[in-house]
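Inspection log for the structure reproduced underneath, given as structure tokens.
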Amino acid sequence: MDELDSLILEHLQRDARITNRELARRLGIAPSTCLERTRTLRHRGVITGFHATVDLRSLGRPVQALLSIQVRPLSRDVIEGFKAYVADLPEVLSVFVVAGGDDFLVHVAVADVDHLHTFLMDRFSQRREIVNFRSSVIYQHVSTPVVSPLDGPTP
């Protein structure tokens, strides 16, 4: 990745709907060069897709929480099975398999605190592999709109 690739990524992360012609104009390069660079970034797996950002409140899901979950026994089958189960639940936004005291962090969005409680009781308390879970309600969420390569060699 060079500086031009990084600039293409920055612009596409800010607005994935920008036309190739407009992106090329902003970068001061030929549209054919811009298109080829963008295609190469997709082919290399740097760009993995284009997504619409949605407002969870508008979808009736204003309450977000992070769930910390421990499972036992720690085996590939248990981890993969639980990961697949959780990822398929409609309330779940993201699933992270982590190291440390917990095995999973799960980001959920629900209608209200009562729904969160019901979700935890119905979906987690009955599962035999779960030995512990905690929930942390998210008051505010700020995300970084643009991710750039860090200094150093790029794999």
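The values are calculated or read from the model by the stated rules, or taken from the named source; none is laboratory data. This one's a predicted model, so the numbers in the text were calculated from it and none came from an experiment. So basically every Cβ, Gly included, is an ideal-geometry build from the backbone, and we count neighbours across all protein chains shown. These area figures cover heavy atoms from the full protein model, side chains too; ligands, DNA and RNA do not enter into them. Shrake-Rupley method; radii C 1.70, N 1.55, O 1.52, S 1.80 Å.
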**Message:** Pairs please, first residue from segment 1-26 and without any contact (Cβ under 8 Å) to a residue 40 or more places away in the chain, second anywhere and of a type in the set (Gly, Ala, Ser), Cβ atoms under 8 Å, 6+ apart in sequence or on different chains.
**Reply:** Ala24/Ala30
**Asked** When only residues in segment 23-41 that are in a helix (DSSP H, G or I) and open to solvent by less than 50 Å² (accessible area, probe 1.4 Å) count, which is nearest to Met1 (Cα to Cα)?
**Response** Leu41
**Request:** Return yes when Asp112 is open to solvent by 40 Å² or more (accessible area, probe 1.4 Å), among the acidic types (Asp, Glu) and in contact (Cβ under 8 Å) with a residue 40 or more places away in the chain and no when it is not.
**Result:** yes
**Message:** Within segment 76-98, does at least one residue satisfy the condition of being out of contact with any strand residue (DSSP E or B) (no Cβ under 9 Å at 6 or more places or on another chain) and among the aromatic types (Phe, Trp, Tyr)?
**Reply:** yes
**Scan of segment 98-155 for residues that are β-branched (Val, Ile, Thr) and not in a loop (DSSP other than H, G, I, E, B), ordered by number** = Val106, Val108, Val110, Val113, Thr118, Ile130, Val131, Val137, Ile138
**Prompt:** Considering segment 115-131 alone, what residues qualify as being polar (S, T, N, Q) and open to solvent by less than 60 Å² (accessible area, probe 1.4 Å)?
**Reply:** Ser125
**Request:** Give the residue that is nearest to the chain's Cα centre (by Cα), with candidates limited to residues of segment 53-76 that are at pLDDT below 95 and among the β-branched types (Val, Ile, Thr).
**Result:** Thr53
**Test result for Gly101, farther than 17 Å from Ser135 by Cβ and without any contact (Cβ under 8 Å) to a residue 60 or more places away in the chain** = no
**Message:** Going through Leu93, Leu66, Leu89 one at a time, which residue ends up being open to solvent by less than 60 Å² (accessible area, probe 1.4 Å) and on the phi < 0 side of the Ramachandran plot?
**Reply:** Leu89
**Prompt:** When you look at Val54, is it surrounded by 14 or more Cβ atoms within 10 Å (Cβ to Cβ) and hydrophobic (A, V, I, L, M, F, W, C), yes or no?
**Reply:** no
**Message:** Return the residues of segment 46-90 that are of a type in the set (Ser, Thr, Tyr) and touching a Lys or Arg at 6+ places or on another chain (Cβ under 7 Å); say none if nothing qualifies.
**Reply:** Ser68
**Prompt:** Does Val86 meet the test of being over 15 Å from Pro145 (Cα atoms) and among the β-branched types (Val, Ile, Thr)?
**Reply:** yes
**Asked** Are any residues in segment 124-155 at pLDDT 95 or above and of a type in the set (A, V, I, L, M), and if so, which ones?
**Response** Ile130, Val131, Val137, Ile138
**Prompt:** Take the residues of segment 106-141 that are hydroxyl-bearing (Ser, Thr, Tyr) and touching a Leu at 6+ places or on another chain (Cβ under 8 Å): which is farthest from Asp55 (Cα to Cα)?
**Reply:** Ser135
